[in-house]
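Peer 1: Before I ask anything, let me first share the structure, which is written out below as structure tokens.
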Amino acid sequence: MGRMSEEVKKAIKEFGPAIVATANKAGKPNVSAKGSLRVLDDEHVIFADIASPRTIANLKENPQVAILLLNRELQKGCRVWGKAEILNSGELFEQLKQEYAVRKIKVNNVVKVTIEDAVAF
């Protein structure tokens, strides 16, 4: 398990949306923008599955994920690599479900990514 530097955590907080890359077990890739990406702690990030059927299907077959955040104007960003876990119950899921319900947005799942590596640039 890797730890995120303060620079990576700052990029995640300030830049977005994140671009999340996944691949199924055959290697067919998918990329999806995630405006909900946030730092959970030094070793995990999370995002809400609001309308991400391919991302979730890929993660069920292959939990490896890569995430890119970029600020074009500053030419800065970060890359995060990790292993995803799909949550559809429990405290974290309920927390995000309630948070988004206020905005009338349904959360289908929460994806929790355990960081393997993270770099800021």
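Peer 1: For Asp42, project a label point 7 Å along Cα to C-beta. Then give me every residue of the stretch 73-104 with its amide nitrogen under 19 Å of that point.
Peer 2: The answer is 80-83, whose backbone nitrogens lie closer than 19 Å to the label point.
Peer 1: Where nothing but the Cβ of Lys and Arg (+1) and of Asp and Glu (-1) is charged, how large is the charge dipole of the stretch 6-120 around its Cα centre, in debye to the nearest 20?
Peer 2: 560
Peer 1: Let me ask another. At 0.36 nm per residue, minus the direct Cα-Cα distance, what do Ala51 and Asp117 gain on full extension? Give it in nm, one decimal, please.
Peer 2: 21.1 nm
Peer 1: Same structure again: For the stretch 53-121, just say rounded, prolate or oblate: build the C-alpha gyration tensor, square-root its eigenvalues into a ≥ b ≥ c, call rounded for a/c under 1.5, and beyond that prolate if a/b exceeds b/c, oblate if not.
Peer 2: Oblate is the answer for the stretch 53-121, as a/c is 1.5 or above yet b/c matches or exceeds a/b.
Peer 1: Kindly list the residues of the stretch 45-81 that lie in the label zone of Ala26, defined by a backbone N under 19 Å from the point 7 Å along the Cα-to-C-beta vector.
Peer 2: Hits in the stretch 45-81 for Ala26 at 19 Å: 53-64.
Peer 1: Using a 10 angstrom Cβ neighbour count of at most 16 plus a DSSP loop assignment to flag exposed trypsin sites (Lys or Arg not before Pro), which longest range of the chain is free of such sites?
Peer 2: Maximal segment without exposed cleavage sites: 26-71.
Peer 1: Rounded to the nearest 500, what is the 222 nm mean residue ellipticity of the chain from helices alone, with -39500 (n - 2.57) per DSSP H run of 4+ residues and division by all residues?
Peer 2: Counting only the DSSP helices, I get -7000 deg cm²/dmol.
Peer 1: Using only alpha-carbon positions, what ratio does the radius of gyration of the chain give when scaled by 2.2 N^0.38 Å?
Peer 2: Relative to the rule-of-thumb radius for its length, the chain sits at 1.01.
Where a number appears in this text, it was derived from the coordinates with a stated rule and is not lab data. Here the structure is a predicted model, which means the values were calculated and not measured. Ideal geometry is used to build each Cβ from the backbone, glycine not excepted, and the neighbour counts take in all protein chains shown.
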